[in-house]
Amino acid sequence: MLDTASAKQKLMAFAESIFNRGLTAGASANMSIKTDTGWVITPTNSCFGFLDADRLSVLDQQGNLISGDKPSKEFLLHKAFYDQRPDDTCVLHLHSTYATALSCLPCANTSDAVPSYTPYLTMRLGAIALVPYFAPGDVALADAVYEVAANHPGVIMANHGPIVSGKTVESCVFGMEELEESCKLAFKLKGHQANLLSKDNIADLKAKFANK
Ligand SMILES: [Zn+2]
């Protein structure tokens, strides 16, 4: 488990990289890291490109603010993953373009919402769950995420965007990047007779790489 100073350093580096690559705009993203004393999380209305280490919200293990600015109002969503996945230490939420675009489409299977054209999403996150729309900050949204979080480290919130949990900061961020790329592929391949991975291919990947 990281200490607060190391968690702050890591959060700043990854957040800036995410901003510089255009995966988030304005103040829409939030990210938290579990530490040996609680959590570090981006403050409400903060922008990933211009974070200040001294203003990052430091929370104790009960979620009380110890130092820094007021935490993101989406901390409830992050908490849903931490409560269901005790080994996970990082949660990232973005409004990245392709995953958010996919969140606005009708979904045939809410337990497996993103098509598997390549092995990498299955290897990193497994099947992606889609939860219904609720207004940002609504407790019902956190409850919906809580319901699926034990089996799904990657979740898309309808008409809103993706949220991903990971055992490490790296696995969380790389999982989110793969989710965004997989959604991008889904749009690029729309209208083409693209081959999906077979059920046997997926079962084989799950056996070898399952991130459960
Ligand atoms: Zn959001």
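Working from Cα pairs under 8 Å separated by at least six residues, relative contact order for the chain is 20 percent.
Mean-square fluctuations from a GNM of the chain, with a 10 angstrom spring cutoff on Cα atoms, peak among 90, 172, 104 at 104. Summarising the label geometry, the points placed 7 Å from Cα in the beta-carbon direction at residue 170 and residue 70 lie 3.7 nm from one another.
Evaluated over the Cα positions of region 160-212, the convex hull gives a direction-averaged projected area, one quarter of its surface, of 4.9 nm². Charge tally around residue 160: other residues with Cβ under 11 Å, Lys/Arg +1 each, Asp/Glu -1 each, net -2. For residue 2, neighbours were defined as the other residues whose beta-carbon sits under 10 Å from its Cβ, and their charges (Lys and Arg +1, Asp and Glu -1) total +1. Maximal additional length on extending the residue 206-residue 111 stretch stands at 32.7 nm, based on 0.36 nm per residue less the C-alpha distance. Shown for 96, 165: other C-beta atoms within 10 Å of each C-beta, ranked fewest to most, produce the order 96, 165. Just want the answer: with Cβ charges of +1 for Lys and Arg and -1 for Asp and Glu, which residue in 80, 109, 141 is farthest toward the dipole's positive end in the chain? Of 80, 109, 141, it is 109.
For region 1-72, the dipole from Cβ point charges (+1 on Lys and Arg, -1 on Asp and Glu) about the Cα centre works out to 200 debye, to the nearest 20.
Modelled spin-label separation between residue 3 and residue 16, with each label point placed 7 Å from Cα along the Cα-to-Cβ direction: 2.2 nm. Just so you know, the Rg over Rh for the chain is 0.96, from Cα atoms, with Rh as the Kirkwood radius. At a Cβ-Cβ separation cutoff of 4.7 angstrom, cysteine residues of the chain with no neighbouring cysteine are 47, 104, 107, 183.
Each of 184, 73 has some number of other Cβ atoms within 10 Å of its Cβ, and from fewest to most they run 73, 184. The GNM of the chain, with springs linking C-alpha atoms under 10 angstrom apart, assigns the highest mean-square fluctuation among 163, 202, 41 to 202.
Here the calculated FRET efficiency for residue 194 and residue 61, from their Cβ-Cβ distance with R0 = 45 Å, stands at 0.45, rounded to the nearest 0.05.
In terms of surrounding Cβ atoms within a 10 Å radius of their Cβ, 1, 123, 176 rank from fewest to most as 1, 123, 176.
Across the cross-link table entries 167/199; 79/206; 70/206; 167/208, which are compared at the Cα atoms, the separations over 29 Å belong to 70/206. Note on the chain: with charges restricted to the Cβ of Lys and Arg (+1) and Asp and Glu (-1), its dipole about the Cα centre is near 420 debye.
Here, each number is a calculation from the coordinates, and none is a lab measurement. Keep in mind the model is a prediction, meaning the values are calculated, not measured. Don't worry about glycine lacking a Cβ; one is built from the backbone with ideal geometry, like all the others, and counts go over all protein chains shown.
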